[in-house]
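Q: Below is one structure. I have some questions about it.
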Amino acid sequence: SQPHEQGCHALRHYLTCVSVPLVFVGSYFGFRAGKLEVSTKTNQIARFIPEKNFARRSIATLALSGMVPYVNMLVEFAVIMNAIWLNHFYYTMGFLFVSILCVTISCIAINIVTCYVQLCGEDHRWWWKSFLNGASAGFFIFLHSIWFLSHRLQLVGMLPVVVYMTYMSMISLCFALYCGSLSFISCFWFTRKIYGALKVD
């Protein structure tokens, strides 16, 4: 079949001309890059973490850190969902770029604040918490997709629902990875900056 052969031919060209050379270029620069240095020494014995109040508990920070990027993207996400699943015309590419920029800035800002609050509470285990705080935005996207399925779509049969939930799970996971990565990188930069500014005698 002609379209199948053209698709295989295009995929083969993509792999040989784009993907494989980029792997070698990335590995070359990756091996030549310097190691990330932390600015302070850590103790072998972990410090005692005091009791947390409600604002510093994991559920509260997960809800707050995920809700802020989700609310920033809510209007644009509703328009995208209508375009994908209800066959509406999508024409606001510039607004999409502004929305992604707002999500990026708000995700970085709110997670630096939650990391700072966590460190002020003498909780030194910020690595995974910073990632999960940002990634919780994907959970709100998934909840929105369930609401969209129950209120806006009239899908008949089990297969369309499975296809819809599979696609929305992948979109939610990609959004969670994007926001979680942003959160971790920004918190890592923030902690290096504040601990690098400390003068220890």
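Q: Return the residues of region 85-102 that are part of a loop (DSSP other than H, G, I, E, B) and either touching a strand residue (DSSP E or B) at 6+ places or on another chain (Cβ under 8 Å) or open to solvent by less than 60 Å² (accessible area, probe 1.4 Å) (or both); say none if nothing qualifies. So that I can check it myself, show each step before the final result.
A: Let us first name the residues in region 85-102 that are part of a loop (DSSP other than H, G, I, E, B), namely 86-92.
Across region 85-102, the qualifying residues are L86, Y90, T92.
Q: Among the residues of region 74-111, count how many are within 14 Å of the chain's Cα centre (by Cα) and either over 27 Å from F188 (Cβ atoms) or not β-branched (V, I, T) (or both).
A: The total comes to 6.
Q: Something else: In region 152-166, which residue that is touching a residue at least 12 places away in the same chain (Cβ under 8 Å) and surrounded by 13 or more Cβ atoms within 10 Å (Cβ to Cβ) is farthest from the chain's Cα centre (by Cα)?
A: In the first step, residues of region 152-166 are kept if they are touching a residue at least 12 places away in the same chain (Cβ under 8 Å); the result is 152-153, 161, 164-165.
Narrowing the set further to residues that are surrounded by 13 or more Cβ atoms within 10 Å (Cβ to Cβ) leaves 153, 161, 164-165.
Numbers: L153: 27, V161: 25, Y164: 21, M165: 19 Å.
So, considering only residues that are touching a residue at least 12 places away in the same chain (Cβ under 8 Å) and surrounded by 13 or more Cβ atoms within 10 Å (Cβ to Cβ), the one farthest from the chain's Cα centre (by Cα) is L153.
Q: How many residues are open to solvent by 80 Å² or more (accessible area, probe 1.4 Å) and under 13 Å from W85 (Cβ atoms) when one looks only at region 135-149?
A: Count: 1.
Q: As an exercise: evaluate G196 against (1) more than 15 Å from L62 (Cβ to Cβ); (2) touching a residue at least 24 places away in the same chain (Cβ under 8 Å); (3) touching a helix residue (DSSP H, G or I) at 6+ places or on another chain (Cβ under 6 Å) and give the number of the one condition it does not meet.
A: Tallying (1) more than 15 Å from L62 (Cβ to Cβ); (2) touching a residue at least 24 places away in the same chain (Cβ under 8 Å); (3) touching a helix residue (DSSP H, G or I) at 6+ places or on another chain (Cβ under 6 Å), G196 fails exactly one: (3).
Q: Same structure again: Check S39, S58 and return the single one that is open to solvent by less than 70 Å² (accessible area, probe 1.4 Å), modelled with pLDDT under 70 and within 30 Å of N111 (Cβ to Cβ). Reasoning before the result, please.
A: Working: S58 fails: modelled with pLDDT under 70.
Checking each option against the conditions leaves just S39.
Q: With the requirement that a residue be open to solvent by 20 Å² or more (accessible area, probe 1.4 Å) and touching a helix residue (DSSP H, G or I) at 6+ places or on another chain (Cβ under 8 Å), what does region 175-188 give you? Spell out how you get there, then give the answer.
A: Just the residues of region 175-188 that are open to solvent by 20 Å² or more (accessible area, probe 1.4 Å), to begin with: 175, 177-178, 181-182, 184-185, 188.
Correct list: F175, L177, S181, L182, F184, F188.
Results for (1) in contact (Cβ under 8 Å) with a residue 24 or more places away in the chain; (2) part of a loop (DSSP other than H, G, I, E, B); (3) more than 12 Å from the chain's Cα centre (by Cα), shown as yes or no for each residue.
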site: V113; (1), (2), (3): no, no, yes
site: V117; (1), (2), (3): yes, no, yes
site: K129; (1), (2), (3): yes, no, yes
site: G138; (1), (2), (3): yes, no, no
site: S150; (1), (2), (3): no, no, yes
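The values are calculated or read from the model by the stated rules, or taken from the named source; none is laboratory data. Quick caveat: nothing in here was measured; it's all calculated off a predicted structure. So basically every Cβ, Gly included, is an ideal-geometry build from the backbone, and we count neighbours across all protein chains shown. SASA here: full protein model, heavy atoms, side chains in, ligands and nucleic acids out. Shrake-Rupley method; radii C 1.70, N 1.55, O 1.52, S 1.80 Å.
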